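The values are calculated or read from the model by the stated rules, or taken from the named source; none is laboratory data. Note that this is a predicted model, so its numbers are computed, not measured. Note that each Cβ is placed from the backbone with ideal geometry, even for glycine, and that neighbours are counted across all protein chains shown. Keep in mind that these areas ignore ligands, DNA and RNA; they rest on the heavy atoms of the full protein, side chains included. Shrake-Rupley method; radii C 1.70, N 1.55, O 1.52, S 1.80 Å.
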Amino acid sequence: MQTGADFVTFSLEDSLYAVTVHRVQEILDMRPIARMPGTPPHLLGVIDLRGATVPVVDMRVLLGLPPRQDDPQTRILVVHLETEAADGVIGLRTDRVIDVACLDDDSAQPLSEGQRRAWDAASIHSIGRRNGQVVGIIDLDGLFRDVPRSGMAPSRDAAA
(Lines give C-alpha, C1' and ligand atoms only; values in the text may rest on other atoms or scores of the structure.)
Protein backbone atom coordinates (compact mmCIF):
# COMPACT_ATOMS: atom_id res chain seq x y z
CA MET A 1 0.00 0.00 0.00
CA GLN A 2 1.31 3.44 -0.89
CA THR A 3 1.58 5.70 2.12
CA GLY A 4 2.33 8.74 -0.05
CA ALA A 5 -1.00 8.34 -1.87
CA ASP A 6 -3.98 10.50 -1.10
CA PHE A 7 -6.93 8.86 0.61
CA VAL A 8 -10.53 9.89 1.12
CA THR A 9 -11.22 9.32 4.80
CA PHE A 10 -14.68 8.71 6.18
CA SER A 11 -16.24 7.68 9.46
CA LEU A 12 -18.64 4.96 10.49
CA GLU A 13 -19.68 5.26 14.11
CA ASP A 14 -16.44 6.09 15.98
CA SER A 15 -14.10 4.44 13.47
CA LEU A 16 -12.13 6.00 10.63
CA TYR A 17 -11.76 4.33 7.23
CA ALA A 18 -10.12 5.29 3.94
CA VAL A 19 -10.13 4.48 0.24
CA THR A 20 -7.52 5.66 -2.24
CA VAL A 21 -8.60 8.90 -3.87
CA HIS A 22 -8.05 7.62 -7.41
CA ARG A 23 -10.91 5.13 -6.86
CA VAL A 24 -13.39 7.87 -5.84
CA GLN A 25 -15.44 9.28 -8.68
CA GLU A 26 -17.30 11.81 -6.54
CA ILE A 27 -18.77 12.58 -3.13
CA LEU A 28 -22.52 13.21 -2.98
CA ASP A 29 -24.86 14.68 -0.42
CA MET A 30 -27.61 12.27 0.53
CA ARG A 31 -30.44 12.06 -1.95
CA PRO A 32 -33.49 9.88 -2.42
CA ILE A 33 -32.62 6.22 -2.84
CA ALA A 34 -35.06 4.01 -4.74
CA ARG A 35 -35.49 0.82 -2.72
CA MET A 36 -35.49 -2.45 -4.63
CA PRO A 37 -37.38 -5.53 -3.44
CA GLY A 38 -35.50 -8.72 -2.60
CA THR A 39 -32.10 -7.12 -2.14
CA PRO A 40 -29.64 -7.98 0.63
CA PRO A 41 -29.83 -5.81 3.78
CA HIS A 42 -26.67 -3.85 2.95
CA LEU A 43 -28.01 -2.76 -0.47
CA LEU A 44 -30.11 0.34 0.17
CA GLY A 45 -31.29 0.65 -3.44
CA VAL A 46 -30.27 2.78 -6.41
CA ILE A 47 -29.80 6.44 -7.24
CA ASP A 48 -29.85 8.29 -10.54
CA LEU A 49 -26.49 9.90 -11.28
CA ARG A 50 -26.70 11.92 -14.49
CA GLY A 51 -28.67 9.17 -16.22
CA ALA A 52 -26.72 6.23 -14.76
CA THR A 53 -28.35 3.94 -12.21
CA VAL A 54 -25.90 3.50 -9.32
CA PRO A 55 -26.47 0.97 -6.52
CA VAL A 56 -25.89 2.31 -3.00
CA VAL A 57 -24.50 0.11 -0.23
CA ASP A 58 -24.82 0.95 3.46
CA MET A 59 -21.23 0.58 4.66
CA ARG A 60 -22.42 0.36 8.28
CA VAL A 61 -24.51 -2.73 7.58
CA LEU A 62 -21.91 -4.25 5.23
CA LEU A 63 -19.24 -3.98 7.94
CA GLY A 64 -21.49 -5.34 10.70
CA LEU A 65 -22.57 -2.10 12.38
CA PRO A 66 -26.20 -1.28 13.16
CA PRO A 67 -27.99 0.94 10.64
CA ARG A 68 -28.74 4.55 11.56
CA GLN A 69 -30.79 7.45 10.28
CA ASP A 70 -29.27 9.87 7.79
CA ASP A 71 -28.21 13.25 9.12
CA PRO A 72 -26.73 16.38 7.47
CA GLN A 73 -23.22 14.80 7.52
CA THR A 74 -24.25 11.57 5.72
CA ARG A 75 -22.55 11.21 2.33
CA ILE A 76 -22.38 8.79 -0.58
CA LEU A 77 -18.92 8.03 -1.96
CA VAL A 78 -19.22 6.94 -5.59
CA VAL A 79 -16.29 4.60 -6.15
CA HIS A 80 -14.87 2.68 -9.08
CA LEU A 81 -14.47 -1.10 -8.75
CA GLU A 82 -12.38 -3.50 -10.82
CA THR A 83 -13.04 -7.09 -9.81
CA GLU A 84 -13.42 -10.27 -11.83
CA ALA A 85 -17.14 -10.21 -11.01
CA ALA A 86 -17.73 -6.49 -11.50
CA ASP A 87 -16.22 -3.49 -13.25
CA GLY A 88 -18.22 -0.38 -12.56
CA VAL A 89 -19.27 2.14 -9.95
CA ILE A 90 -21.11 1.75 -6.69
CA GLY A 91 -22.17 4.22 -4.02
CA LEU A 92 -20.99 3.78 -0.44
CA ARG A 93 -23.24 5.39 2.20
CA THR A 94 -21.02 6.73 4.98
CA ASP A 95 -21.75 8.56 8.22
CA ARG A 96 -19.42 11.40 7.29
CA VAL A 97 -16.63 12.15 4.81
CA ILE A 98 -13.71 13.66 6.70
CA ASP A 99 -11.18 14.82 4.09
CA VAL A 100 -8.72 13.94 1.35
CA ALA A 101 -5.29 13.51 2.88
CA CYS A 102 -2.12 11.46 3.07
CA LEU A 103 -1.61 9.00 5.90
CA ASP A 104 1.09 9.59 8.47
CA ASP A 105 4.51 8.63 7.09
CA ASP A 106 5.09 4.88 6.84
CA SER A 107 1.97 4.17 8.86
CA ALA A 108 0.15 1.74 6.53
CA GLN A 109 0.82 -1.80 7.68
CA PRO A 110 -0.67 -4.92 6.09
CA LEU A 111 -2.79 -7.09 8.36
CA SER A 112 -0.90 -9.65 10.42
CA GLU A 113 -1.73 -13.33 10.04
CA GLY A 114 -3.69 -13.22 13.32
CA GLN A 115 -5.72 -10.23 12.14
CA ARG A 116 -6.45 -11.95 8.83
CA ARG A 117 -7.83 -14.95 10.71
CA ALA A 118 -9.87 -12.87 13.17
CA TRP A 119 -11.29 -10.41 10.64
CA ASP A 120 -12.77 -10.64 7.20
CA ALA A 121 -9.49 -9.94 5.42
CA ALA A 122 -11.37 -9.23 2.18
CA SER A 123 -12.68 -5.92 3.54
CA ILE A 124 -9.57 -4.29 5.07
CA HIS A 125 -6.34 -4.06 3.10
CA SER A 126 -4.19 -2.53 5.83
CA ILE A 127 -4.16 -0.36 8.90
CA GLY A 128 -2.74 3.16 8.82
CA ARG A 129 -2.79 6.31 10.91
CA ARG A 130 -3.95 9.84 10.22
CA ASN A 131 -2.97 12.45 12.81
CA GLY A 132 -2.33 9.57 15.20
CA GLN A 133 -5.81 8.04 14.76
CA VAL A 134 -6.12 4.46 13.47
CA VAL A 135 -7.51 4.21 9.92
CA GLY A 136 -8.81 1.01 8.32
CA ILE A 137 -7.89 1.11 4.65
CA ILE A 138 -10.73 -0.52 2.74
CA ASP A 139 -9.97 -3.11 0.05
CA LEU A 140 -12.78 -2.15 -2.34
CA ASP A 141 -12.16 -4.97 -4.79
CA GLY A 142 -11.98 -7.56 -2.01
CA LEU A 143 -15.08 -6.21 -0.30
CA PHE A 144 -17.12 -6.39 -3.51
CA ARG A 145 -15.41 -9.39 -5.12
CA ASP A 146 -18.64 -11.40 -5.30
CA VAL A 147 -20.95 -8.62 -6.52
CA PRO A 148 -22.37 -9.66 -9.91
CA ARG A 149 -21.92 -7.30 -12.87
CA SER A 150 -25.67 -6.84 -13.07
CA GLY A 151 -25.58 -5.09 -9.68
CA MET A 152 -23.12 -2.44 -10.82
CA ALA A 153 -23.42 0.80 -12.76
CA PRO A 154 -21.19 0.94 -15.86
CA SER A 155 -17.59 1.92 -15.29
CA ARG A 156 -16.79 5.62 -15.71
CA ASP A 157 -14.17 4.53 -18.31
CA ALA A 158 -16.70 2.43 -20.22
CA ALA A 159 -19.18 5.32 -20.24
CA ALA A 160 -16.61 7.74 -21.67
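If I go through segment 5-32 residue by residue, how many of them are closer than 15 Å to Arg75 by Cα and open to solvent by less than 30 Å² (accessible area, probe 1.4 Å)?
Counting residues in segment 5-32 that are closer than 15 Å to Arg75 by Cα and open to solvent by less than 30 Å² (accessible area, probe 1.4 Å) gives 10.
Only one of Asp146, Asp106, Asp120 is on the phi > 0 side of the Ramachandran plot and either modelled with pLDDT under 70 or not in a loop (DSSP other than H, G, I, E, B) (or both). Can you tell me which?
Asp106
Would you please list the contacts, defined by Cβ atoms under 9 Å and residues six or more apart or on different chains, that run from a residue in segment 53-82 that is open to solvent by 50 Å² or more (accessible area, probe 1.4 Å) to a residue that is among the aliphatic types (A, V, I, L, M) and in a loop (DSSP other than H, G, I, E, B)?
Asp70/Met30; Asp71/Met30; Pro72/Met30; Arg75/Met30
For segment 33-52, state whether one or more residues are in contact with a Lys or Arg (Cβ under 9 Å, 6 or more places away or on another chain), loosely packed, with under 14 Cβ neighbours inside 10 Å and either in contact (Cβ under 8 Å) with a residue 24 or more places away in the chain or under 17 Å from Val135 (Cα atoms) (or both).
no
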